[in-house]
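Visitor: Here it is: the structure, laid out below.
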Amino acid sequence: MTAPPLAADPVLAAFAAAVGVDGPVAVEGNRTRWATGGALAAGTRLVQAPTGIVHHQAEEMIVCVRAGTPMAELAAALRDRGQRCALADLGGTVGGAIAVGENHLLVLGCGTVRSSVLEVRYVSAEGRLIRGGGPTVKNVTGFDLPRLLVGSLGTLGLIAEVILRTNPLPATSVWAMAADADPFAVRDALLRPAAVLWDGDTTWVNVEGHAPDVRAQLAGLRALGSFTEVAGPPALPTHRWSLAPADLRQLDSTEMGAFVASVGVGMVFAERPQPPRTLSPAVAALSARVKANFDPTGRLNPGRAPGAR
Amino acid sequence: MKLRRHSGRAHDGGPDAALVADLQAAIGRDRVRNDSAERALLSRDASVFDDGVAGPICFPGSTAHVQAVVRIAVRHGRAVVPRGAGTGLAGGAIPLGAPVVVSLTRMNRILEIDHDARVVWVEPGVVNLDLTKHLQPLGFHFAPDPSSQQVCTLGGNLANNSGGPHCLAYGITNTHIIAAEVVLPDGEVAMLGGLDAEPLGYDLRGAFVGGEGTLGIATRIAARITPTAPAVRTLLMSFADVRDAANTVSAVIAAGIVPAAMEVMDQRITRAVEHYVHAGYPTDAAAVLLAEVDGLHDGVDIDAQAIAAIGREQGATEVRLARDDNERMLLWKGRKTAFGAIAQIAPDYYLHDTVVPRAKLAEVLAQTYDIAERHGVIVMNVFHAGDGNLHPLLIFDAREPGVLERVHAAGAEIVKASLAAGGVLSGEHGIGVEKQAYMTLLFTDDDLDHQNRLRKSFDPDCRANPGKVLPSGHSCADIQLLTAVPQGMWV
Amino acid sequence: MDLGIDADELNTCVQCGLCLSACPTFRVTGDETRSPRGRIALMRHVQLRDAPLTPEIVQSFETCVQCRGCEPACPSGVQYGRLIEQTRTTLARTHRSTPRWLRLAYIPLARPRLLRAGSVAIAVAQRLHLVPTRLGLSVRIPLRQQPIPASGSDVYLFTGCVMDAWQRDVHLATQRVIEAAGFGVTPTLAQAPCCGALHAHAGLTDHTRRMAHKMMAALRPDMPILVDSAGCAAAMKDYGHLLGTPEAGAFSARVFDVQQWLAQHIDRFPKVAPLDLRVAVLDPCHLRHVQKVHLDTRVVLRPFVRELVELDDDGLCCGAGGAYSALEPALAGQIRARKVGSIDRARPDVVASANPGCSMHLGAAGVPTLHPMQLIAQALPGRRPLD
């Protein structure tokens, strides 16, 4: 009574065949984050992941989508049925967004990429189709392969298809801005802001929920600054800095240039890139064992490693 | 007047004397127990499995202690099994092959709160509800709230990726663990994850959570703290048919409402619970649905009214709103003590915790009643309906000859029915020793091989909680560690 | 070995572990052998699986405070108190526990003159600084006892053994409060010298039965018996079960915790200015978990003090446990430290405890603890200063 093998799906089987069993290989999406994690080794064969939304079950709050699907297509399909997911539409593909693992600007509202991937179907270094996780939000059946794949830059397996958790779109979503507010106080004053952004002077806040609650929260904010509603967030500088939320209290704009910081999250968008971060020796050794176990010959995305610059 | 009695020191010697001596030298005499009483008790948890055999038991007080214990165990060729409160239902803490048992109950300090990150650092032995009580005056709580939250520990929650009624809206434990300092099975200490927005490298933290103690031992945990919503509405709806309750749950989600929790209890369990807590549960209804929404004042009223309307459409015979916190707490107490209340009816119970798509809840529930009837056992259903997480309780008296076989056969059929409906094996209890054999129903050999690769990355020699999660034949070579049971033990 | 426990009773526990955090000894040790679940499992091992009764197992049973805090935490309704009492009885009967010196120490309890003589000896020793502090004797035992004359025959006030010898001032306060509600009081004194609670605790239930018979024979069958010691009232309310006779059942039904009784007559008190005190209510286990009348203490106390505050530990035991604090001083001290932490967080001026053992145990840690009756007596008109 085993679930039908993934290979029974001709689309997935074709993708596995394209990946093959030997030689360096990588998946090419829209190349929006092509340089992340290091330059792909020369001579790496490029393959394309399958595309299309397999099914969207709004009442189950899940969507099954193939990795090559453009994020814009997924976002639009979800929106049509009053839902959204944790992946940001940054012009790339679903598989790319998961392989890179960057969170949405509204991460406080729509959750992290890491916790939104419920099931992952990928092609292993040996060219086999592997399934990890399951189609339900609650699931502790075995080890958590989806978490390991998110943000792994295709170095452990090449994602073919995923099941993502979706969420209802909030009834109301409003951006407001004030030049005279303490962003940390703003964040503490709101129950569940979707985002609190700060560029050193101005604070932007996104409040979502039922309209009366949103209105009440905005009214409350006026005690903390002269907030006015605006159309959306500010333009974000290019480089992502990943900091601890407490670090935002002493940001150094001489080092990072102009910035927009996400308060309570620790993400900072800055003019200049973040200096290289390093793994502790124990974590580096553990990561190396993970890589060696999943890709013993090093054929998946050679040259790339999550965290490398 | 001399009131001192004989000293209460545990006597040593007996099995494992050399190992015990090393452990005592490393972490102190009073932190190591090796008497037969202690070994017998720590060979079990809250599951039905009684074939565990514990080796020496250590009560470390620090990461350094845990590291020392793990290294000594490695040197003596023994496995290590971590243990929290021992409330697991899948046998995850059952020691197999007389390993060194690491009881983390004495590492129970709440260390510090980082308000900017909304994170609290705790030791693994901190009790879930103690943490929430500690956070309450500050306006926060720890969101995962398993039914055993009054006793279960954060370390146990992490190891099992525990759920609870409120993870429908707030997410499971994995969402709430930001970082963990862990002692790996070779004794190395590593900090997995971090407080920064997007920690570098593979999500080893995410992989570690839910590892059931097979990937190492967490000794310091950064847990997300969640602001407590100012407004809560708890609805109690009665139904003449358990299927109406299940359909209500589906309809609520389909309407775009994600309540903080939705729980269903059938009539048998409701009666047992009501007898214990006297919360005012209707004992004549075929099923009751407990739905809770939290948030801000206007929104919770809007959602509560919408849920009530859906319930009535689906045939609710009564819709009641908890009047105050007191009534709300009582209703929840009833729900959370449901398993224990079973003992009023029969001394033993066995349950699975499969998850099925919400739309299939009514269908699978009906099957559980049929299956139980065919096998001549009683089933009671109490479950996290919002998540589709079933808890069909098969209740019995183990002293009745042949009953265990019937219970296991019924359990297996329920699992198969759930998987056939597109579900998964376990929503929150874990695999432990209980569901290993079922893993092949859900995963192919290739899938299990990759899960084993994850495990082997953390524990190449299979020293951490061997014999768990993966079915034998799919796990790394942990068999030899399971054979050496010391002589002279009564268990 | 047969512990004499009913097999069905022993099988009620499903090992869920929900009792663990309600157990004071598990809380401070994190050790299953110090938990109700563990102790029940060991009872099963010994009785059903014939495991040898090792010193560790005996110690597991002996370290139980018998607070019965696990009973309300148990969703299966396991009557743990009965299990441990039966176990301790069997151990004492077979001389596996409760050594001879301890049995001797309990003899004076039922013999008022002997007890009085011993108490005077301790009082003298106290004044000569000869009593080791680890015994936790926080009360200064009086050299001379104040008289406690009867004032009528509406109710009995059970005066008991050690409490009367060491803390007669509490009885005097209780009597004043009962009188203020308009009832005439007869102190039981030598008619009923001891309830046998400490004996039952130590497994010497035969002694307790004898004392129960003696008391039932001595007291008039038509008067309510009020008790200002939670431990004593709990024991006397259990005579019905202990003796298993209708007479004993009827007797037990006449026993009331004094707060429980007064809560029914709260409107009979004169209206007085409340004491300017923030009072934390410490629930004695035998009031909260056994008699389950701890809420009455709040009803009775509320009109007489400025502010009542609750502790945040869900009624976890303080570690006094009758003679427990003397028999297991290390554990009792750790348990008390937890309680003191909880009291510190509540920031009271004074702690109110309706059990003399708890008051003494906390007093030894420097926590100002008074009986609720002492506080009320203080608030009543014509009060005497607290000593």
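The values are calculated or read from the model by the stated rules, or taken from the named source; none is laboratory data. Just so we're clear, the structure is a prediction, and the values are computed from it rather than from any experiment. Neighbour counts run over all protein chains shown; Cβ positions are idealised from the backbone, glycine included. Heads up: the accessible areas ignore ligands, DNA and RNA and are worked out on the full protein's heavy atoms, side chains in. Shrake-Rupley method; radii C 1.70, N 1.55, O 1.52, S 1.80 Å.
Visitor: Scan segment B:406-435 for residues that are assigned to a loop (DSSP other than H, G, I, E, B), within 11 Å of chain A (Cβ to nearest Cβ) and surrounded by 24 or more Cβ atoms within 10 Å (Cβ to Cβ) and jot them down.
Guide: Passing the criteria: B:Gly423, B:Leu425, B:Gly427, B:Glu428, B:His429, B:Gly430, B:Ile431, B:Gly432, B:Lys435.
Visitor: Given the criterion open to solvent by less than 20 Å² (accessible area, probe 1.4 Å) and assigned to a helix (DSSP H, G or I), identify the matching residue among B:Ile72, B:Ile94.
Guide: Details: B:Ile94 fails: assigned to a helix (DSSP H, G or I).
Answer to the selection: B:Ile72.
Visitor: Something else: For segment C:302-338, how many residues meet the condition of being within 15 Å of the chain's Cα centre (by Cα) and either closer than 17 Å to C:Val281 by Cβ or open to solvent by less than 40 Å² (accessible area, probe 1.4 Å) (or both)?
Guide: 12
Residue-wise test of (1) more than 30 Å from B:Glu318 (Cα to Cα); (2) of a type in the set (Asp, Glu); (3) facing chain A (nearest Cβ under 8 Å).
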| residue | (1), (2), (3) |
| --- | --- |
| B:Glu188 | yes, yes, yes |
| B:Gly193 | yes, no, no |
| B:Tyr202 | yes, no, yes |
| B:Arg243 | no, no, no |
| B:Ser250 | no, no, yes |
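Visitor: In the list C:Val272, C:Val290, C:Val279, C:Val299, which residue meets the criterion of being open to solvent by less than 20 Å² (accessible area, probe 1.4 Å) and either touching a Lys or Arg at 6+ places or on another chain (Cβ under 8 Å) or more than 30 Å from C:Leu102 (Cα to Cα) (or both)? Before the answer, list the steps.
Guide: Numbers: C:Val272 fails: open to solvent by less than 20 Å² (accessible area, probe 1.4 Å); C:Val290 fails: open to solvent by less than 20 Å² (accessible area, probe 1.4 Å); C:Val299 fails: open to solvent by less than 20 Å² (accessible area, probe 1.4 Å).
The match here is C:Val279.
Visitor: Now for a different question. Inside segment B:147-245, counting only strands (runs of 3 or more DSSP E) that do not spill past its ends, which hold 3 or more residues that are open to solvent by less than 30 Å² (accessible area, probe 1.4 Å) and touching a residue at least 60 places away in the same chain (Cβ under 8 Å)? Please lay out each step first, then the result.
Guide: Values: elements: B:177-183, B:189-193, B:217-224, B:231-239.
Ranges flagged: B:177-183, B:217-224, B:231-239.
Visitor: Going by the conditions given, is C:Val290 within 14 Å of C:Lys237 (Cα to Cα) and touching a residue at least 12 places away in the same chain (Cβ under 8 Å)?
Guide: Details: within 14 Å of C:Lys237 (Cα to Cα): yes; touching a residue at least 12 places away in the same chain (Cβ under 8 Å): yes.
Judged against the criteria, C:Val290 is a match.
Visitor: Would you check if there is a residue in segment C:311-334 being within 26 Å of C:Ala365 (Cα to Cα), charged (D, E, K, R), outside the structural domain of C:Thr25 (by TED's automatic domain parsing) and not in a loop (DSSP other than H, G, I, E, B)?
Guide: Among the residues of segment C:311-334, not one is within 26 Å of C:Ala365 (Cα to Cα), charged (D, E, K, R), outside the structural domain of C:Thr25 (by TED's automatic domain parsing) and not in a loop (DSSP other than H, G, I, E, B), which makes the answer no.
Per-residue answers, yes or no, for (1) closer than 20 Å to C:Arg140 by Cβ; (2) at pLDDT below 90; (3) touching a Pro at 6+ places or on another chain (Cβ under 6 Å):
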position	(1), (2), (3)
C:Asp313	no, no, no
C:Ala326	yes, yes, no
C:Gly333	no, no, no
C:Leu362	yes, no, no
C:Ile376	no, no, no
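Visitor: Which of the helices (runs of 4 or more DSSP H) found entirely inside segment A:9-116 contain at least 1 residues meeting this: at pLDDT 95 or above and over 20 Å from the mean Cα position of the chain (by Cα)? Spell out how you get there, then give the answer.
Guide: Details: elements: A:10-19, A:71-80, A:94-100, A:107-110.
By residue number, A:10-19, A:71-80.
Visitor: While we're on this one: Within segment A:133-161, which residues are facing another protein chain (nearest Cβ under 7 Å), of a type outside the set (A, V, I, L, M) and either surrounded by fewer than 24 Cβ atoms within 10 Å (Cβ to Cβ) or in a loop (DSSP other than H, G, I, E, B) (or both)? Spell out the reasoning first.
Guide: Applying the first criterion (facing another protein chain (nearest Cβ under 7 Å)) to segment A:133-161 yields A:134-145, A:147-148, A:150-152.
Subsequent filtering for residues that are of a type outside the set (A, V, I, L, M) retains A:134-136, A:138-139, A:141-144, A:147, A:151-152.
Within segment A:133-161, A:Gly134, A:Pro135, A:Thr136, A:Lys138, A:Asn139, A:Thr141, A:Gly142, A:Phe143, A:Asp144, A:Gly151, A:Ser152 qualify.
This table checks each residue for (1) of a type in the set (A, V, I, L, M, F, W, C); (2) in contact with a Phe, Trp or Tyr (Cβ under 8 Å, 6 or more places away or on another chain); (3) at pLDDT 90 or above.
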position: B:Arg328; (1), (2), (3): no, no, yes
position: B:Ile342; (1), (2), (3): yes, yes, no
position: B:Thr354; (1), (2), (3): no, no, yes
position: B:Ala359; (1), (2), (3): yes, no, yes
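Visitor: Within segment A:168-183, count every residue that is under 22 Å from the mean Cα position of the chain (by Cα), open to solvent by 40 Å² or more (accessible area, probe 1.4 Å) and within 11 Å of another protein chain (Cβ to nearest Cβ).
Guide: Going through segment A:168-183 one residue at a time, the tally reaches 1.
Visitor: Are there any pairs, at least 6 apart or on different chains, whose C-beta atoms fall under 6 Å, with the first in segment C:105-125 and of a type in the set (Lys, Arg) and the second open to solvent by less than 50 Å² (accessible area, probe 1.4 Å), and if so, which?
Guide: C:Arg116/C:Ala165
Visitor: When you check C:Ala105 against the structure, is it within 9 Å of chain B (Cβ to nearest Cβ), surrounded by fewer than 19 Cβ atoms within 10 Å (Cβ to Cβ) and under 21 Å from C:Ala323 (Cα atoms), yes or no?
Guide: It is true that C:Ala105 is within 9 Å of chain B (Cβ to nearest Cβ), surrounded by fewer than 19 Cβ atoms within 10 Å (Cβ to Cβ) and under 21 Å from C:Ala323 (Cα atoms).
Visitor: State which residue is farthest from the other protein chains (Cβ to nearest Cβ) when the search covers only segment B:75-91 and only residues that are buried (at least 24 other Cβ atoms within 10 Å of the Cβ) and either over 14 Å from B:Ile57 (Cβ atoms) or among the β-branched types (Val, Ile, Thr) (or both). Explain how you work it out, then say what you get.
Guide: Going residue by residue through segment B:75-91, those that are buried (at least 24 other Cβ atoms within 10 Å of the Cβ) are B:79-91.
In the following step, the residues that additionally are either over 14 Å from B:Ile57 (Cβ atoms) or among the β-branched types (Val, Ile, Thr) (or both) were identified as B:80-81, B:85, B:87-91.
Working: B:Val80: 17, B:Val81: 14, B:Ala85: 6, B:Thr87: 4, B:Gly88: 9, B:Leu89: 9, B:Ala90: 9, B:Gly91: 12 Å.
Out of the qualifying residues, it is B:Val80.
Visitor: Still on this structure, please answer the following. When the residues of segment A:214-229 are filtered to those that are in contact (Cβ under 8 Å) with a residue 12 or more places away in the chain and within 14 Å of chain B (Cβ to nearest Cβ), which remaining residue is surrounded by the fewest Cβ atoms within 10 Å (Cβ to Cβ)?
Guide: A:Gly220
Visitor: Can you run down the residue pairs with Cβ atoms below 8 Å, 6 or more apart or on separate chains, where the first is in segment C:161-187 and without any contact (Cβ under 8 Å) to a residue 24 or more places away in the chain and the partner is in a helix (DSSP H, G or I)?
Guide: none
Visitor: May I pose another question? Can you pull out the residues in segment C:32-54 that are within 7 Å of chain B (Cβ to nearest Cβ) and not aliphatic (A, V, I, L, M)?
Guide: Pass one, segment C:32-54, residues within 7 Å of chain B (Cβ to nearest Cβ): C:32-33, C:38, C:41-42, C:45, C:51, C:54.
The answer is C:Glu32, C:Thr33, C:Gly38, C:His45, C:Thr54.
Visitor: Output the residue which, of all residues in segment C:174-196 that are open to solvent by 10 Å² or more (accessible area, probe 1.4 Å) and of a type in the set (A, V, I, L, M), is nearest to the chain's Cα centre (by Cα).
Guide: Once the filter is applied, the top-ranked residue is C:Leu189.
Visitor: Follow-up question, since we're still on this one. Kindly establish whether B:Pro259 is open to solvent by 10 Å² or more (accessible area, probe 1.4 Å) and at negative phi. Break it down stepwise before answering.
Guide: Working: open to solvent by 10 Å² or more (accessible area, probe 1.4 Å): no; at negative phi: yes.
No; evaluated as a whole, the condition is false for this residue.
Visitor: Is segment B:385-406 home to any residue that is in contact with a helix residue (DSSP H, G or I) (Cβ under 9 Å, 6 or more places away or on another chain) and more than 27 Å from B:Val469 (Cα to Cα)?
Guide: So far as segment B:385-406 goes, yes, one or more of its residues are in contact with a helix residue (DSSP H, G or I) (Cβ under 9 Å, 6 or more places away or on another chain) and more than 27 Å from B:Val469 (Cα to Cα).
Visitor: So, one more: Working carefully through the options C:Gly69, C:Gly77, find the one that is more than 19 Å from C:Leu198 (Cα to Cα) and touching a residue at least 24 places away in the same chain (Cβ under 8 Å).
Guide: Working: C:Gly69 fails: more than 19 Å from C:Leu198 (Cα to Cα).
The unique qualifying residue is C:Gly77.
Visitor: Testing A:Gly232 on (1) outside any helix (DSSP H, G or I); (2) of a type outside the set (Phe, Trp, Tyr); (3) open to solvent by 30 Å² or more (accessible area, probe 1.4 Å), one condition comes back false. Which one is that?
Guide: (3)
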